[in-house]
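Accompanying notes for the structure given below.
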Amino acid sequence: MNAHISADNVKLKRAYEPAAADDGMRVLIDRLWPRGVSKDHAALDLWLKDLAPSTELRKWFGHDPARWAEFQRRYADEVRQHPELFEQLHDLAQKGRVTLVYSAHDEAHNDAVVLLNLLLARSKPEQRLAARRLHK
């Protein structure tokens, strides 16, 4: 996983938003299927539910911004327990555009944001800054 990923290659999108031609590979990264979303509407290419936060972590976090820093740390630890899945996602993002699809209402504090940051962690500093600006 030494090659850098361009911030342009990874975007985030809620599962309730329509698919777009420029989404590239659409990957659902939630453990649970988004409530009320049909498979056709989701237009997914891949579902990496085993890369999602554990049920215990998801329930503990509860999308409470006060727990955000600790959630990021704990979730990063969980991602490291599935290196083959993270590497699969990393490889897809190296090859072209990947859209991480998630269902959380909070667009700034969710697992997709953490995965985006992990994917860009080895990228140039200006790419990480661009990614953070996109998702504030």
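Hey, does segment 13-30 have a residue that's farther than 19 Å from LEU119 by Cα, touching a helix residue (DSSP H, G or I) at 6+ places or on another chain (Cβ under 8 Å), touching a residue at least 12 places away in the same chain (Cβ under 8 Å) and not hydrophobic (A, V, I, L, M, F, W, C)?
yes
Could you pull out the residue among ARG74, ARG97, ARG67 that is surrounded by 13 or more Cβ atoms within 10 Å (Cβ to Cβ) and within 15 Å of LYS11 (Cα to Cα)?
ARG97
List every residue pair whose Cβ atoms lie under 8 Å apart, where the two residues are 6 or more positions apart in sequence or sit on different chains, the first residue falls within segment 80-106 and is at negative phi, and the second residue, located anywhere, is hydrophobic (A, V, I, L, M, F, W, C) and surrounded by fewer than 16 Cβ atoms within 10 Å (Cβ to Cβ).
Cβ pairs passing all conditions: GLU87/MET1; HIS90/MET1; LEU92/LEU46; GLN94/ALA3; SER103/LEU32.
Quick check on VAL114: is it in contact with a helix residue (DSSP H, G or I) (Cβ under 9 Å, 6 or more places away or on another chain), touching a residue at least 24 places away in the same chain (Cβ under 8 Å), crowded, with 17+ Cβ neighbours inside 10 Å and assigned to a helix (DSSP H, G or I)?
Yes, satisfied.
How many residues does segment 99-111 contain that are in contact with a helix residue (DSSP H, G or I) (Cβ under 8 Å, 6 or more places away or on another chain), of a type outside the set (Asp, Glu) and under 19 Å from LEU44 (Cα atoms)?
5
Failed condition for LEU46, given (1) touching a His at 6+ places or on another chain (Cβ under 8 Å); (2) surrounded by fewer than 17 Cβ atoms within 10 Å (Cβ to Cβ), with all others met?
Only one criterion in (1) touching a His at 6+ places or on another chain (Cβ under 8 Å); (2) surrounded by fewer than 17 Cβ atoms within 10 Å (Cβ to Cβ) is unmet by LEU46, namely (1).
Applying the selection to segment 2-56, what residues are modelled with pLDDT of 95 or more and among the β-branched types (Val, Ile, Thr)?
VAL10, VAL27, ILE29, VAL37, THR55
Inside segment 22-48, can you point out the residues that are out of contact with any Lys or Arg (no Cβ under 9 Å at 6 or more places or on another chain) and of a type in the set (Val, Ile, Thr)?
Selection gives VAL27, VAL37.
Could you tell me whether any residue of segment 92-105 is part of a helix (DSSP H, G or I), within 19 Å of ALA121 (Cα to Cα) and in contact with a Pro (Cβ under 9 Å, 6 or more places away or on another chain)?
no
The values are calculated or read from the model by the stated rules, or taken from the named source; none is laboratory data. Note that the coordinates shown come from a computational prediction; the quantities given were computed from them, not determined experimentally. Virtual Cβ from ideal backbone geometry, glycine too; neighbours counted across all protein chains shown.
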